[in-house]
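The values are calculated or read from the model by the stated rules, or taken from the named source; none is laboratory data. These numbers come from a predicted model, not from an experiment. Reconstructed Cβ throughout: ideal geometry from the backbone, glycine too, with neighbour counts over all protein chains shown. Only protein heavy atoms, including side chains, enter the accessible area calculation; ligands, DNA and RNA are left aside. Shrake-Rupley method; radii C 1.70, N 1.55, O 1.52, S 1.80 Å.
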Number of protein chains: 4
Amino acid sequence: MNFRSDNEAPVAPEIMEALARANSGADHSYGADAATARLQGQFSDLFETEVAVFPVITGTAANALSLAQSAPPYGVVYCHRESHIHTDECNAPEFYTGGAKLHALDGAHGRIDLAALKDALAATGFHGDHEPEPAAISLTQATEAGAVYAIDDIAALAKLAHGRRLRVHMDGARIANAVARLGCAPADMTWRAGIDILSFGATKNGAMAAEAVVVFRRDLVDGLARRRMRGGHLLSKMRFVSAQLEAYIADGLWLALAARANRAASRLADGVSAIAGATLLHPVEGNELFVQLPAGAIDGMAGDGFEFHRWPGAEGTVRLVCSYAARDGDIDALIASLRRHRGAAADINS
Amino acid sequence: MNFRSDNEAPVAPEIMEALARANSGADHSYGADAATARLQGQFSDLFETEVAVFPVITGTAANALSLAQSAPPYGVVYCHRESHIHTDECNAPEFYTGGAKLHALDGAHGRIDLAALKDALAATGFHGDHEPEPAAISLTQATEAGAVYAIDDIAALAKLAHGRRLRVHMDGARIANAVARLGCAPADMTWRAGIDILSFGATKNGAMAAEAVVVFRRDLVDGLARRRMRGGHLLSKMRFVSAQLEAYIADGLWLALAARANRAASRLADGVSAIAGATLLHPVEGNELFVQLPAGAIDGMAGDGFEFHRWPGAEGTVRLVCSYAARDGDIDALIASLRRHRGAAADINS
Amino acid sequence: MNFRSDNEAPVAPEIMEALARANSGADHSYGADAATARLQGQFSDLFETEVAVFPVITGTAANALSLAQSAPPYGVVYCHRESHIHTDECNAPEFYTGGAKLHALDGAHGRIDLAALKDALAATGFHGDHEPEPAAISLTQATEAGAVYAIDDIAALAKLAHGRRLRVHMDGARIANAVARLGCAPADMTWRAGIDILSFGATKNGAMAAEAVVVFRRDLVDGLARRRMRGGHLLSKMRFVSAQLEAYIADGLWLALAARANRAASRLADGVSAIAGATLLHPVEGNELFVQLPAGAIDGMAGDGFEFHRWPGAEGTVRLVCSYAARDGDIDALIASLRRHRGAAADINS
Amino acid sequence: MNFRSDNEAPVAPEIMEALARANSGADHSYGADAATARLQGQFSDLFETEVAVFPVITGTAANALSLAQSAPPYGVVYCHRESHIHTDECNAPEFYTGGAKLHALDGAHGRIDLAALKDALAATGFHGDHEPEPAAISLTQATEAGAVYAIDDIAALAKLAHGRRLRVHMDGARIANAVARLGCAPADMTWRAGIDILSFGATKNGAMAAEAVVVFRRDLVDGLARRRMRGGHLLSKMRFVSAQLEAYIADGLWLALAARANRAASRLADGVSAIAGATLLHPVEGNELFVQLPAGAIDGMAGDGFEFHRWPGAEGTVRLVCSYAARDGDIDALIASLRRHRGAAADINS
């Protein structure tokens, strides 16, 4: 049973069906197809404002393209120290921006601390052209720690950034989990709170390979199509990416899948937190748990066939991710396994 | 009926089935899955030598990554004036190489002329560090003009290049059409002829979105995985790309599909060449025709519902592409339409 | 006697004196000094309009920075096939633009042919985002062939470019020679003719290491200071570059030096063109001659101790450059040497 | 009186004389001159090993080129949080490396803490290709805080780095001050301690604009000449940079100048540290002081005409830099001014 990552789960059946439907005949290539054309309206409806949508196939591409539109090569992007763009994308943001610098900020549970951003911005402006230009911030919703920003927190960060003429990017690799958690309109958590450009993720929540750059500010659109092309991210059979996205946001599928994943994570969190010796390191507000455990418990669960990542940072930390496909039975089995091995470990340690 | 491009054709049923099969459960992400692991052996078998395979989802990504492994930022890549890397990738090679220069060479039918390459190389070395370093050549098989290099021609270009310590890249967006045409072993047309690194295309020949960088020279492997990642081309659900490639090369599917497309193009070429006023501009050795026609004929065929691209260059040129899915009936209908409108045009023009 | 290049000549005494004067005490670094501040007004006076001036120390830096301000990474810069930016800067324009493509155009005597530019622009727009964006043209005055554009020719190229919303850059590595030749106001040959941004050269005409980016369009200023810094071209002791430029344009020194070099080249051209078997390949309108000669004559002159470059292109071509420091006696000696050896060669060849 | 920066001091007379001497006639351009040729041997003698020397005109260029030779675009360079490459070069390292990431490390007085580097390296290797590749470390000698690494500290950092196959770069913008301080052979503090590539500074210590990349490892030489060219850093009249460097290292001038600057800083430090309320924030081991002062004292000294930088960080911090040209009288006057105004401030505060 796989708790390694939500991107290891199968593709949702609705998405597979959409792919099959999209294959009924020939259609124009490179995004000149009917499905891609429809997406513009569908995403504009979803976000209650006119947006520009650029489908891509990885979150890294969506992030790097968004940042390239937001920061010049001589710019700085402020982000969380644990953000995906800083730690897991092998310099893709630096590549696509042409050499901008990521400035890592601290903050609890993967959320950028407002004061940390304020301090960082206050420290700029002393060295003239020797300093890169503060250009953008990037925040991740849900965060890398499985937490969710409150809308007001997003708005406060965005307001501070906009006051300094920075652009505001949201890495929404798990945006569905956050919207499902907050129960808000997607607009409330994005442009109404000050987000200028968004990486809208679907792959971690049931798609095969489908993400989108969603642009809320018209002046960030120009050049994006060509940046996507020169990144090698304009698919000839784009219609199959668009078909995934279309099915994903139709009839609330994206939120239904995310709600399932979130519920599974809550169930697991409830079970885990009742076990002595298991410590949840972050609030479980999406579909990820970070748990500190005795070594024996970790090895025991692994020995029982549960798959998960041992996480860098505090010793004995594991990450447990629940996808939309997680079943109650599997979760209960994991809890039981942990309880069993925690006991053993406790015995040994005591 | 679509003669615009082979990448507008539907996905082959065998590929759709492979995608469905690949979705039977969870699997590890980012290429750590079983299908991707199998690919290494399967491609090594296909090419009769140990290769390294890196699946990606566009030909542009495959080309740009291959060139980035082959040329430094201060280097030159020699290519045909009409090559896709030079005319259709919106500076992706410049982007991925970090700023290398493409040097366009002439040659009939999309094939680089050996003498042109010789001359270009002979003109280097006069300006020391002021000149970028000759680093690689890139040739396209089948060519952009729908022709195919003879193996000896590839070998001669590669020998010249290697004599100057350049690397040799093949853009194989339509490699299947070329292999099917030549009836050779894939190895004969690639590494045995001097190819160091290959963009192996599948999308234009029945896949949904699947290409691969195939590396024949071990010293070109190092760094490629990280370059792919920072380009945003390491898919989390890589297994679905690998599943396409696996099905594509299994049981000779790739060559069967290409043979169908080539046969369709030959049928169309036979019909077209029998019509007065229609001129084939290039030998039809793959699945593409470039035909010069009276304006009335072009408009007439379009009016009959045939879709195709009017091509830049000589006035009255159209490109007609036959995919694996082209049916004899459609081809015959297109020929009949042309014959009909050519007559009308001839009347008008006379 | 050195006819290799004007950049091999000594520094003009007026420049050396300016450097000595600039060393009278401490001054603020990184361009916050008094001399650099004065330059803004001095160059605005010189060009009869308010300009922004950015001193640098090489023509390549001036060109690459100018182009980076004029073209996005996904853009195209049109230039002459023999232009310095395309043939002699080891991909610096590609580097600074972040990967833009240079599109080489033909034209006699190093001047971009208007029809060639028209054709190149007319061939764009067929491939949508697959094509890089036409972004700028760059023309060289005086040209690499030692010719000079007429003001009307510059205006015609600029008008065509502006009609397509391209920016217009002038590589003025030898701008002084051109202004001296045309006897026009610097404004007439630059912004009044449509130039948006200029590489203003001084090093080839008596400075030690001093060039400047002169920006005529305000919207091309933003970001240039930081681009210069991240290129490593913001000198801490900038005052010594500015002091050179100040002395160079004060009291018409730059034009006086250029006039001397031009006169020397004319004298040499007169002498050479009177010799049977010596062919001037380009009009001599600045300070450079390109002469086709019998092999024996070339070797003979070299044997007499004259230094010059054998030039790629037509066999038997040499380049002879006259700097401001060329003396009549040296020129006459070179003519005499040529006459002597041409004779010998003629005897041998006859 | 200027205590702002050593790069605001005049050029040393010996350097001015060398420039004048270098202007005695024509010489070959782009580094093919006699002075540049001599440098190779002179620097090899200075460092007691065969080195390759590449003159440039800014420290940023030297650093960025060195790092580009040491780290791939998908790499990481470890450096001190306050290092010039990270805080003052407007992303030049990111630019020249093609997008590598700088990883900031802590450490007292501008010295990288060995344990911090160890921890950072230990935290790598968990995310496969998602992580950039640890590629190089860069340390600054003397440090940005005016301290100097002991040779053993350099050796320990280099050994750790080499054990992980990283390259080791030294930013020697003030290397002369460090060598003068340690009284060691330049070799002892560089390659014998494990430095692979060095930015050798001269501009802050009496040159006009002269730095050099000094390469100790032969495998880091290839490509550097072309990288310099495409950065716009190959001067046509290179001989004037080389002439500066030649004079600078001849007869120990560089160490004599540095010793003067260091002595001046010591004198100033002695005076300052005797004043109540003035706190030296870092050991004064080179030619820089960082002093925390009452606000009144700072304003008072400024009012007396002393120039210096108010420094970011702890409130009330100023930086006082002594160049080779600092005179005892000026230093004593500054101390007197501080004593006078500190008293006033103390009165006000008490």
Would you confirm whether or not the range A:53-69 contains a residue that is within 30 Å of A:Ala264 (Cα to Cα), more than 10 Å from every other protein chain (Cβ to nearest Cβ) and touching a strand residue (DSSP E or B) at 6+ places or on another chain (Cβ under 8 Å)?
yes
Exactly one of C:Arg226, C:Arg263, C:Arg230, C:Arg310 is without any contact (Cβ under 8 Å) to a residue 40 or more places away in the chain, open to solvent by 20 Å² or more (accessible area, probe 1.4 Å) and within 14 Å of chain D (Cβ to nearest Cβ), and that one is C:Arg226
Taking the range D:278-302 and keeping residues farther than 25 Å from D:Tyr324 by Cβ, out of contact with any His (no Cβ under 8 Å at 6 or more places or on another chain) and surrounded by fewer than 17 Cβ atoms within 10 Å (Cβ to Cβ) leaves D:Thr279, D:Ala295
Among the residues of the range B:211-223, the number that are of a type outside the set (A, V, I, L, M), in contact (Cβ under 8 Å) with a residue 24 or more places away in the chain and more than 15 Å from B:Ala61 (Cβ to Cβ) is 4
Restricting the range C:1-25 to residues that are among the small types (Gly, Ala, Ser) and crowded, with 20+ Cβ neighbours inside 10 Å, the one farthest from D:Tyr30 (Cα to Cα) turns out to be C:Ala22
Residue count, the range D:111-133, condition surrounded by 16 or more Cβ atoms within 10 Å (Cβ to Cβ) and either part of a helix (DSSP H, G or I) or touching a Lys or Arg at 6+ places or on another chain (Cβ under 7 Å) (or both), comes to 8
All-but-one check, B:Gly277 against (1) of a type outside the set (Lys, Arg); (2) assigned to a loop (DSSP other than H, G, I, E, B); (3) without any contact (Cβ under 8 Å) to a residue 12 or more places away in the chain, failing number (3)
Meets criteria (open to solvent by 10 Å² or more (accessible area, probe 1.4 Å) and within 14 Å of chain D (Cβ to nearest Cβ)) for C:Ala173: yes
Filtering the range A:26-47 down to residues that are open to solvent by less than 30 Å² (accessible area, probe 1.4 Å) and under 23 Å from A:Thr60 (Cβ atoms) yields A:Gly31, A:Thr36, A:Leu39, A:Phe43, A:Phe47
Counted residues in the range D:279-296 being at pLDDT below 95 and touching a helix residue (DSSP H, G or I) at 6+ places or on another chain (Cβ under 6 Å) come to 2
Any residue that is within 14 Å of chain D (Cβ to nearest Cβ) and not acidic (Asp, Glu) - is there at least one of those in the range A:147-156?
no
Counted residues in the range D:1-29 being facing chain C (nearest Cβ under 8 Å) and in contact with a helix residue (DSSP H, G or I) (Cβ under 8 Å, 6 or more places away or on another chain) come to 12
Scanning the range B:77-99 for residues that are in contact with a Ser or Thr (Cβ under 7 Å, 6 or more places away or on another chain) and either within 9 Å of chain C (Cβ to nearest Cβ) or part of a helix (DSSP H, G or I) (or both), the one most open to solvent (accessible area, probe 1.4 Å) turns out to be B:His84
Condition set of a type in the set (Lys, Arg) and closer than 26 Å to B:Ala64 by Cα, scope the range A:191-229, selection nearest to the chain's Cα centre (by Cα): answer is A:Arg228
request  = Take D:Phe200 and decide whether it is open to solvent by 10 Å² or more (accessible area, probe 1.4 Å) and among the aromatic types (Phe, Trp, Tyr).
outcome  = no
**Asked** Is there a residue being within 21 Å of D:Tyr149 (Cβ to Cβ) and part of a loop (DSSP other than H, G, I, E, B) anywhere in the range D:332-350?
**Response** no
Out of (1) over 25 Å from A:Phe126 (Cα atoms); (2) part of a loop (DSSP other than H, G, I, E, B), the one D:Val284 does not meet is (1)
Checked B:Val213, B:Val241 against criteria (at the interface with chain A (Cβ under 9 Å from one of its Cβ atoms), open to solvent by less than 10 Å² (accessible area, probe 1.4 Å) and under 16 Å from B:Phe43 (Cα atoms)); the one match is B:Val241
Selection from the range C:100-110 of residues part of a loop (DSSP other than H, G, I, E, B) and surrounded by fewer than 24 Cβ atoms within 10 Å (Cβ to Cβ) yields C:Asp106, C:Gly107
Out of (1) closer than 29 Å to B:Leu46 by Cβ; (2) in contact with a strand residue (DSSP E or B) (Cβ under 7 Å, 6 or more places away or on another chain); (3) surrounded by fewer than 17 Cβ atoms within 10 Å (Cβ to Cβ), the one B:Gly252 does not meet is (2)
(Q) Take the conditions in a loop (DSSP other than H, G, I, E, B), farther than 11 Å from A:Glu14 by Cα and not hydroxyl-bearing (Ser, Thr, Tyr) and apply them to A:Leu255. Does it pass? (A) no
Exercise for the section: Say whether the condition of being within 18 Å of the chain's Cα centre (by Cα) and either of a type outside the set (A, V, I, L, M, F, W, C) or more than 14 Å from chain A (Cβ to nearest Cβ) (or both) is met by at least one residue in the range B:31-40. Expected result: no
Among the residues of the range C:185-195, are any of a type in the set (Lys, Arg) and within 14 Å of another protein chain (Cβ to nearest Cβ)? no
Checked B:Leu338, B:Leu334, B:Leu320 against criteria (over 27 Å from the mean Cα position of the chain (by Cα), surrounded by 21 or more Cβ atoms within 10 Å (Cβ to Cβ) and within 17 Å of B:Ala265 (Cβ to Cβ)); the one match is B:Leu338
